[in-house]
Amino acid sequence: MGSRDKYDSRLKGAVVILLPCPYCGPRNASEFRYVGEVSERPDPNATGAGEWRTYLYVRDNPAGWTTETWFHSAGCRQHLVVERHTVTNEVRASRLPAAQLLRDGQEERATGGSVANDGGGRSIK
């Protein structure tokens, strides 16, 4: 069996993971960048170094349902929050991150152009 045959046989079992973008519809996961698990940001005024380390570096990484933030880098350039099963890659829900409020009270969607302040889908307190 040549190297081309080995390559072709590996592709036969390949699975395409579709993520439902709220703006673009279902898209191949290769269009997205994984941002991370959604987690609660600790209060900067009441948090020690150990708790910050845990927040920044420790992840649950469950074998089951988890809530994650993804960025549609090859599409609408929006962040989205996805509930995904990490074993089967089944997606049961997707939504936009919590909207940020502008000074005049209008809602604004999280955009790829202003990622520093949108929290990546994480709750910022």
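The values are calculated or read from the model by the stated rules, or taken from the named source; none is laboratory data. It should be emphasised that the depicted structure is a prediction, and the values quoted were computed from it without experimental measurement. No Cβ is skipped: glycine too gets one built from the backbone with ideal geometry, and neighbour counts run over all protein chains shown.
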* Structure fact -> Contact list, first residue from segment 33-52 and surrounded by 14 or more Cβ atoms within 10 Å (Cβ to Cβ), second anywhere and of a type in the set (Lys, Arg) and modelled with pLDDT of 90 or more, beta-carbon distance below 6 Å, six or more apart or interchain, is none
* To do: Return the residue satisfying two criteria in turn: it lies in segment 15-40 and is touching an Asp or Glu at 6+ places or on another chain (Cβ under 8 Å) and more than 19 Å from Glu90 (Cβ to Cβ), and of such residues it is modelled with the highest pLDDT.
  => Val35
